[in-house]
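Report on one structure; see the data block that follows.
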Amino acid sequence: MNNSIVNTGRLLVAGLRALLVLTLVTGVFYPLVVTGVAQAFFPGKANGSEVKTDGRVVGSSLIGQQGYSLDYFQPRPAGGLGENSVNTQYKLLLSGATNRAADSPELVKEVRAAKAKVVKDNSTADYRVRPSQVPADAVTSSGSGLDPDISPAYAELQVHRVAERNGLSVARVEELVRSHIEGRTLGFIGEPRVNVLELNIALEGVVGEG
């Protein structure tokens, strides 16, 4: 009986030692090392790929934002997202898609309404947008709903509106868009894209110059 109690006590002590060691290694030392390496070699990515202007964080290059006025370039729609009152940019705590089929009557209705709005918003006094010009990313959300990028076609579609509302020439805004087109990753992954946040920051700079 005594030996059984002693052996049980030894096992408990060994288990507690293992728990303590593993807690320190995996819960303290490992996170500190990983965080230190990340901060030393990849500080931008480690801190959320923050985008700053005038020393102030205005967003992340990896997460799109809603709520831009029509003076600015617009992002993709953000359908299928959970809403809350905490995040005022996306009003969400989670991301996701609508999960609707391509022939869903609700999805078709939303896309048609979105296309009509894109045509209306981007037509100006001397430029009329045709429905056939509206690219898919202008009327549909991404799989996560958080896509920070739009296609060059959608960015170019917005040029006349942005130019008119900001008192800029169409040529100047077109140049701005072209300078922010990013090619395929590694030359073959994905599609050319334009980061909306970075483009709008550059737009503010151009408007400020005038």
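The values are calculated or read from the model by the stated rules, or taken from the named source; none is laboratory data. For clarity, every value in this text was computed on a predicted model and none was experimentally measured. Because the Cβ atoms are built from the backbone with ideal geometry, glycine has one as well, and the counts that use them run over all protein chains shown.
Quick notes on this one:
- Residue within the stretch 162-178 that is under 20 Å from L62 (Cα atoms), at pLDDT 95 or above and of a type outside the set (D, E, K, R) present: yes
- With respect to (1) surrounded by fewer than 17 Cβ atoms within 10 Å (Cβ to Cβ); (2) over 18 Å from G67 (Cβ atoms); (3) of a type outside the set (K, R), the lone exception for V159 is condition (1).
- Residues located in the stretch 115-127, provided they are touching a residue at least 24 places away in the same chain (Cβ under 8 Å) and either among the β-branched types (V, I, T) or outside the structural domain of L62 (by TED's automatic domain parsing) (or both): V118, T124
- Yes/no for V194 being assigned to a strand (DSSP E or B) and touching a residue at least 24 places away in the same chain (Cβ under 8 Å): yes
- If only residues of the stretch 96-148 that are among the polar types (S, T, N, Q) and modelled with pLDDT of 90 or more are counted, the one that is surrounded by the most Cβ atoms within 10 Å (Cβ to Cβ) is N122.
Residues checked against (1) free of Cβ contacts under 8 Å to residues at least 40 places away in the same chain; (2) acidic (D, E); (3) out of contact with any Cys (no Cβ under 9 Å at 6 or more places or on another chain); (4) under 18 Å from D71 (Cβ atoms):
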{"residue": "S104", "(1), (2), (3), (4)": "yes, no, yes, no"}
{"residue": "E110", "(1), (2), (3), (4)": "yes, yes, yes, no"}
{"residue": "A113", "(1), (2), (3), (4)": "yes, no, yes, no"}
{"residue": "V129", "(1), (2), (3), (4)": "yes, no, yes, yes"}
{"residue": "S142", "(1), (2), (3), (4)": "no, no, yes, no"}
